[in-house]
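Below you'll find the structure, written out as structure tokens, and then a few comments.
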Amino acid sequence: LSLRILHQHKHIPTMAELVGRTISATSGGSGRPLSQHGGSRTRPAPSNTRAGGTNISSDLLGHDVIRLYSLVETAMMNMPAPSGGDNNTELRPTEVVRMKEMLCETWESIREWLMAHPNMADRQAAAMHQGQFLTTALHMVCKLMDPPVDVVLSLIECAEDTVTWPDSNGWLPLHHACANSASGKVLSVLVQAYPEGKVHQDKRLRTPLHFTFFRKDYINDPSLKKHILNSEGKIVDDDDDVGNSMPEIVTLLADSGAAELEDEGGMLPLHYASAYGTTGEVLEVLLENYPESITKRENKGRNALHLAMVNAHRKSSPMVVGFLLEKNAAEIKDSYDDDHHLPIHLLAMASKFPPEKVLERENAADCLKTYLNAKPKSTADFLTAIQTLPEWLRDIAVISDHIQDILNHKIVMRFPTMILILDAFFLVLVIVMFEIASGDTIDHLFTRDNDDPDVKQEPVAKWGHIMMIFVSGAYFLLRETVQIISLLALGNLGSWLVDMANWLDVMLIFFIFYYGGIMVTNEPLVSNEAFRNGCAITKGIMWGAVIGFLKSTKVEFSVFVSGVSYVVQQLAAFLLALMIILLAFTQMFYILYSETEHCQCNKDHPDADQFPHCRFWDSSLKVYTMLMGVIGNDMRYSTVPLAHVLYFLFSFIVIILLGNVLIAIVTDSYGVIKNERSEMVFWSNRLDFVAEMDAIKNIGKSIMKCFPSKDSEESRPLHAEDANGNPIPIEEGRQTVGLFRNGWDSIMNLFNPDLYETYDVNPSSFEFWCYVLVRFAAAVIVIPVWLVVGLFTAGWLWPPQVREFLLKQKKVAVSRADLSEQVAERIDGVKVEIKKLHVDLKVEMKTDRREVDQVKAEVEAVQAEVMADLLQVKEIMVTLLEMSRDHLGNAS
């Protein structure tokens, strides 16, 4: 009675409440007592009976049914997201630890729920409960990372039919498990429970095998998955069940025809594997189950190689590309998709990575090298695709053996050689004719009788000269028009628009016809001076075109032009600073001498030498000539003291200091082009020319298709190879060219120094003098006549050996300088990665320290609460002891 009164008035808790409260505090304040099994958290079984009876409460039972689903749903919603907010970003180590703890709590909660509900009817009702998107608890468990096998088995045992239930998207639990990196054992359990699930397709016709390639690699975090590695570093399990390696998982899922099923986009599992990246063992498994898949196309006409090349930035893409080409390069390397894109087209469109993306660039470069090593056909589309590559990839392409072989073989064909010779001929022709005709016209315009301007003037320049100018302009116009039409047909007009050389050609064509028309009428539209200036500009453009022509034929000119362009780019800041300094000195000299006696002398004696600083324009011109070292009479600056000081400052700052800086910048910048990129620049220019020739030839082929003949394009082989397997031009197989090659070889054999020994002839024999006579005739008559005739036919009748001698270039190999540069770049990349890792480690250490401090504070709070509870227990025990003593005393 005393105890009951004490509890009612003083609210002293009972011993069970004290013990429950104390242990609850030690568990982190969760309000849930610890179980007796190793300190894991358990939840006591809820009371399912009414007071005094055994009837089950429907409200409590309904709550428990939903409770199982809610446990998994809550875990799914509370999963930590990547700190960067990007789903593709990997979790930080602290986030991984937090996720593991949350998953462990979820699995234990599910086990506790199952232990607390041994009734199969309760379990079945909970397992069959469907929540959002028609998902069950089994679906939700499979959506979590790496679900335990026992949990999955228990849920299947509760309601076996749920493994066959699709959610609102048509996903089985097996789909979710494959997409979220479930272990091989879990997948094996799901497959055994419902074997038909391996070929079940969701609403987008995807099978679980398709989802397998969405899995993330957690092998580097052994604590997340209980992986066991063998001596070869492969993942194995504790027993002989399906392991966690991708080949084993794919083998499990692909053996029932799943490898042959397409999704709504027509993509096979092999397409997914090629796009998302995988290992060679996985690709081998897929091909074993469906060998024809390597050539199959999805709805956009892309095969596995297309998809691998468009994802070339992925780490495993170079291996995937190499595997596919090794298995069936002949049928896939030159295939087009529905947009008429080769695999290399897709690589060009998808590889626009900034320099900071070092790894992505390296992977894309490796894919390109692997693809070029397979020697795709040298079609116009292929060369156009090489042109559209980003500059850093294009530089890699042009130094490959395959591209250089293609360019060397194509440049020595008849048509490109003819175009080169015609370009040179018409350039020389228009320069000479324009010089003669413009000179005659200018002489007439500035010397004619202006008193009778209405009299019609006949052309002063000869009609022959003017006609040659118009013919040259017509040739350049025709060539430019055909080039534009060809690029339009190839869908690559953008490359023409961004090439400044093409706009230079357009200006040249316009000026040729414009000023040629003025030469015909002898009446300039503006003025005689405008005509003179325009002719001067036109001649400058003509000589610029000559440099452009030589750039595509000679390495030296290619290096020179590229070097000048590169130097100008590097001099942008220097030229701006120099212009500001020159402008400053121009103004200072002009202000000092304006309205002085020197300038007054200019007005009084206009025929005398003018003082250079009396007008701003003259002052600026003089300052510029002083920069070039033309100072003149330096005593002119001694009359004004400040001018004398400015003269010394100008000499030191501009002539000495900036002059040497300019020399240093130019030398260093030009050396970069000459020493490191000279061959690369040349091959890039040759690629532009060869691609242009192929584009023009495409127009001719299209026209010829309208007039089919027995010797049509279809009747000739598309590609040929020499004894070494190198591609040779298709025209090399034609009879006339073969005769020319053999004939030239026969003539050259006459000059073989071992000829006399081979045929055993000597000066005393008749055969010897016959050979001498034949040699003389070949050297004096046959060879010169053949070369001249070939020149007059624009190289068409030249033997192939002559074209090769003139135009074929040696292939470039990677120099030691290039290798050292590549090593240096890799070292710099490693340094950047190390610095980034160092910064990340610092951030992680700060975060970990903060979390440790938080845990420490929580532990201290728990300790304080425990001590308070223990003190309260002590007080209660003392009170109870005193009360028991009082009770015993009263009883006695």
Förster radius 51 Å - calculated FRET efficiency between residue 255 and residue 120, Cβ distance, rounded to 0.05: 0.95
Computed lengthening from residue 771 to residue 594, 0.36 nm per intervening residue step minus Cα-Cα distance: 55.1 nm
615, 479, reordered so the largest accessible area comes first (probe 1.4 Å): 615, 479
Heavy atoms of residue 361 accessible to a 1.4 Å probe, total area in Å² rounded to 10: 60 Å²
Gain in span if fully extended, residue 653 to residue 100, counting 0.36 nm per residue against the direct Cα distance: 192.3 nm
Pairwise FRET efficiency - residue 824 versus residue 661, Cβ, R0 = 30 Å, nearest 0.05: 0.70
Heavy-atom accessible area order for 568, 506, largest first, 1.4 Å probe: 568, 506
Whole-number percent relative contact order across region 294-337, with pairs defined as alpha carbons under 8 Å at least 6 apart: 44 percent
Contour minus Cα-Cα distance for residue 791 and residue 840 (0.36 nm per residue): 10.8 nm
Set 300/357; 462/539; 333/697; 143/357 screened for pairs whose C-alpha atoms are more than 26 Å apart: 300/357; 143/357
For region 787-795, Karplus couplings with θ = phi - 60° (6.51, -1.76, 1.60), whole Hz, Gly/Pro x: 5, 5, 4, x, 5, 5, 9, 6, x
Residue 192 versus residue 474: modelled label distance in nm, points set 7 Å from Cα along the beta carbon direction: 8.7 nm
Label-point separation in nm, residue 153 to residue 564, each point 7 Å along Cα→Cβ: 8.1 nm
Accessible surface ranking that places the most exposed of 804, 391 first, with a 1.4 angstrom probe: 391, 804
Region 95-154-region 386-422 distance, computed between alpha-carbon centres (Å): 63 Å
Shape category assigned to region 462-590 from the gyration tensor of Cα positions, a/c cut at 1.5: oblate
Label-point separation, residue 871 to residue 575 (7 Å along Cα→Cβ), nm: 8.3 nm
Surface accessible to a 1.4 Å probe, residue 580 within the full protein complex, Å²: 100 Å²
Pairwise FRET efficiency - residue 499 versus residue 642, Cβ, R0 = 45 Å, nearest 0.05: 0.30
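The values are calculated or read from the model by the stated rules, or taken from the named source; none is laboratory data. Quick caveat, the model's predicted, so the values are computed rather than measured. Note: ideal-geometry Cβ built from the backbone for every residue, glycine included; neighbour counts use all protein chains shown. To get the accessible areas, we keep the full protein, side chains included, count just its heavy atoms, and leave off ligands, DNA and RNA. Shrake-Rupley method; radii C 1.70, N 1.55, O 1.52, S 1.80 Å.
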